[in-house]
Amino acid sequence: MIKEGQIYRHYKGGWYRIVCVATHAEKGGNLVVYMSADNFKVWAIDLGAFDSTVTIDGKEIKRFKLSE
């Protein structure tokens, strides 16, 4: 479960802190709001996309992986 304050690493290498999980005002779907650890820029992405996988060199990996 994605929670406020958790740290995730993007598959391209960036680190991000979860700000919150929000509800889209018009579509009603869930959005993950997250902030870059490098430049504090804030982003939002559909929950399904945040929790999805990408294929790199034939291997499926998580788009965002929870920091251990």
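Within the stretch 22-41, can you find the residues that are closer than 27 Å to Ile56 by Cα and either among the basic types (Lys, Arg) or touching a residue at least 12 places away in the same chain (Cβ under 8 Å) (or both)?
Selection gives Asn30, Leu31, Val32, Val33, Tyr34, Met35, Ser36, Ala37, Asp38, Lys41.
Can you pull out the strands (runs of 3 or more DSSP E) entirely within the chain that have at least 2 residues that are open to solvent by less than 50 Å² (accessible area, probe 1.4 Å)? Give the steps one after another, and end with the answer.
Working: elements: 7-10, 15-23, 30-36, 42-46, 53-56, 59-62, 64-66.
In the chain, 7-10, 15-23, 30-36 are the strands (runs of 3 or more DSSP E) which contain 2 or more residues that are open to solvent by less than 50 Å² (accessible area, probe 1.4 Å).
The values are calculated or read from the model by the stated rules, or taken from the named source; none is laboratory data. Quantities reported herein were computed from a predicted structural model and do not represent experimental measurements. All Cβ positions, even for glycine, are placed from backbone atoms using ideal geometry, and neighbour counts span all protein chains on display. All accessible areas refer to the heavy atoms of the entire protein, side chains included, with ligands and DNA or RNA removed. Shrake-Rupley method; radii C 1.70, N 1.55, O 1.52, S 1.80 Å.
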